[in-house]
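The values are calculated or read from the model by the stated rules, or taken from the named source; none is laboratory data. As the structure is a prediction and not an experimental result, all values here were calculated from the model. Every residue, glycine among them, receives a Cβ derived from its backbone with ideal geometry; neighbour counts consider all protein chains shown.
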Amino acid sequence: MYEQLIERFIQKAFKYPKADQEKILAAATFSASKHNNQKRASGEPYIIHPLAVGEILIQLKMDADTIVSGLLHDTIEDTDTTSEEIAELFGQSVADMVESETKISNLKAMSRSAQEAETIRKMFFAMSKDIRVIIIKLADKLHNMRTLQHLDPDRAKEIAGETLDIFAPLADRLGISWLKDELEDLSLKILKPDTFQYIQDYLLSKKGEQTAYLNRIEKSIYRACGDANL
């Protein structure tokens, strides 16, 4: 039923060794079967979310077990899958990561102060035996933030605030600057849409000025090279 979605996804992993590709494909197929008939808030098939998480992990150049764990990250919480079943099919390392991700997902990350936010971030690290679990959670959060428009506005603001306080700083602490920046942008878009739009318009105007400036410099260089017969 989801063959085309999975096929498009696995093409993203073309740089991985054949054995890794086969394991990733098996995990994607397993996840699709477990999430069969489940829907996202958007009405789309649920499998779109694990596949998107897997794609982000590929973009981050994570190892195959991390990608597999990302594909399976909701199976224990949202389906009848057990940790033992995952261990048997995909190895104990994957089972441990999925189980840890499930535990930190159940940690309520609502914060009301910088001190509380820092405490929660420390709890995430303490509850994750493997740093890859945090990276899976960040990939999960990023895709959820990209699709936040499908949620109730109040719930969307709640999640955006949590992301800004907890998850963007986690990405920053791990040195994943582009992910931190996108989480902050997506949060600001929900929490302060007018401010977000003002910043976007300002950056767009400056980009136009910069492009025009660079074009003038380029033409000057071409003329100088021509005059010097270079």
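Quick notes on this structure:
- Yes/no for Leu148 being over 19 Å from Ala117 (Cα atoms) and crowded, with 17+ Cβ neighbours inside 10 Å: yes
- Here Ile135 meets the list (1) within 23 Å of Asp63 (Cβ to Cβ); (2) out of contact with any Leu (no Cβ under 7 Å at 6 or more places or on another chain) almost entirely, failing just condition (2).
- Some residue of the range 35-44 being more than 20 Å from the chain's Cα centre (by Cα), surrounded by 13 or more Cβ atoms within 10 Å (Cβ to Cβ) and in contact (Cβ under 8 Å) with a residue 12 or more places away in the chain: yes
- Residues being free of Cβ contacts under 8 Å to residues at least 40 places away in the same chain and of a type outside the set (Gly, Ala, Ser) - total across the range 168-187: 6
- Only residues that are under 15 Å from the mean Cα position of the chain (by Cα) and closer than 16 Å to Glu116 by Cα were counted across the range 163-187, and they come to 7.
- Remark: pairs (first residue in the range 1-15, more than 14 Å from Ala52 (Cβ to Cβ); second residue modelled with pLDDT under 95; Cβ separation under 8 Å; 6+ apart in sequence or on different chains) = Met1/Asn36.
- Given (1) over 25 Å from Leu25 (Cα atoms); (2) in a helix (DSSP H, G or I); (3) among the basic types (Lys, Arg), number of the condition Lys129 does not satisfy: (2)
- Listed by first and then second residue, the pairs linking a residue in the range 147-159 that is hydroxyl-bearing (Ser, Thr, Tyr) to a residue that is part of a helix (DSSP H, G or I) and surrounded by 15 or more Cβ atoms within 10 Å (Cβ to Cβ), with Cβ atoms under 9 Å apart and 6 or more places separating them unless they lie on different chains, are Thr147/Ile48; Thr147/His49; Thr147/Ala52.
- Options Asp181, Asp172: the member that is part of a helix (DSSP H, G or I), at pLDDT 90 or above, out of contact with any helix residue (DSSP H, G or I) (no Cβ under 8 Å at 6 or more places or on another chain) and acidic (Asp, Glu): Asp181
- Taken over the range 60-118, the residue count meeting the criterion of being at pLDDT below 95, farther than 17 Å from Lys34 by Cα and either not assigned by TED's automatic domain parsing to the domain that holds Pro45 or not in a loop (DSSP other than H, G, I, E, B) (or both) is 10.
- Lone qualifier among Ala27, Ala19, Ala64, Ala32 - being surrounded by fewer than 16 Cβ atoms within 10 Å (Cβ to Cβ) and either in contact with a helix residue (DSSP H, G or I) (Cβ under 6 Å, 6 or more places away or on another chain) or of a type in the set (A, V, I, L, M) (or both): Ala19
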